[in-house]
1. With the range 12-64 as the region, which strands (runs of 3 or more DSSP E) entirely inside it contain at least 2 residues that are free of Cβ contacts under 8 Å to residues at least 60 places away in the same chain and surrounded by 17 or more Cβ atoms within 10 Å (Cβ to Cβ)?
2. With 123, 100, 93, 114 as the choices, which residue is surrounded by 18 or more Cβ atoms within 10 Å (Cβ to Cβ) and assigned to a strand (DSSP E or B)?
3. Anything in the range 74-90 that is part of a loop (DSSP other than H, G, I, E, B) and surrounded by 18 or more Cβ atoms within 10 Å (Cβ to Cβ)? List them, or say none.
4. Please work out which residue is farthest from residue 110 (Cα to Cα), limiting yourself to the range 37-68 and to residues that are polar (S, T, N, Q) and modelled with pLDDT of 95 or more.
5. Could you run through the range 78-117 and say how many residues are under 11 Å from the mean Cα position of the chain (by Cα) and polar (S, T, N, Q)?
6. Does the range 88-107 include one or more residues that are under 24 Å from residue 11 (Cβ atoms), in contact (Cβ under 8 Å) with a residue 24 or more places away in the chain and touching a helix residue (DSSP H, G or I) at 6+ places or on another chain (Cβ under 6 Å)?
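The values are calculated or read from the model by the stated rules, or taken from the named source; none is laboratory data. Since the structure is predicted, the reported quantities are computational estimates derived from the model, not experimental observations. When we count neighbours, we look across all protein chains shown, and the Cβ atoms used for this are built from the backbone with ideal geometry, even at glycine.
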Amino acid sequence: GERSLALIREVDATRKQQLVERLVTTASKDGPATLGLARTLAAGFAGRVYHLVLDDSYAAPAVRCDNCGYVGVEDAAVCPLCETALRVLPDAADSLVRWAMTQDLEVTFLHDDALYETGHIGAFLRY
């Protein structure tokens with residue numbers, strides 16, 4: 001009933017807090033993790049992400065090259081890799097989540113802006 005639901009929520013909140021701490025610690029020690037949109041997009045582009053972690057209300061624009069697949073956060077019109085026109089992704093976080101789901105990767109949404117100070121988004125990497 002009510003008590004077991006409250007307990008489940010508490011366990012979930014504790015698990016997510018531990019996940020955030022592990023992500024921040026791993027990334028700060030240059031381990032296999034990223035923080036922030038630019039690094040997380042780059043890791044996704046390289047196929048290194050296995051677990052995406054983000055604040056559930058986070059949205060930010062990015063650019064994508066439909067020719068070579070490059071993604072970035074810079075305000076540019078032309079791809080730095082192949083010089084093709086870049087397309088604006090109005091919500092890069094949403095695009096990353098959709099991509100992660102097509103790859104069967106783990107995605108964890110956080111409440112209360114738990115990653116606010118570290119760029120709202122991050123990932124654990126394969127290597």
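1. 62-64
2. Answer to the check: 123.
3. 79, 86 - these are the residues of the range 74-90 that are part of a loop (DSSP other than H, G, I, E, B) and surrounded by 18 or more Cβ atoms within 10 Å (Cβ to Cβ).
4. From the range 37-68, those polar (S, T, N, Q) are 40, 57, 67; that's our starting set.
This time we only want the ones that are modelled with pLDDT of 95 or more, so: 40, 67.
Working: 40: 16, 67: 33 Å.
Result: 67.
5. Selection size over the range 78-117: 2.
6. yes
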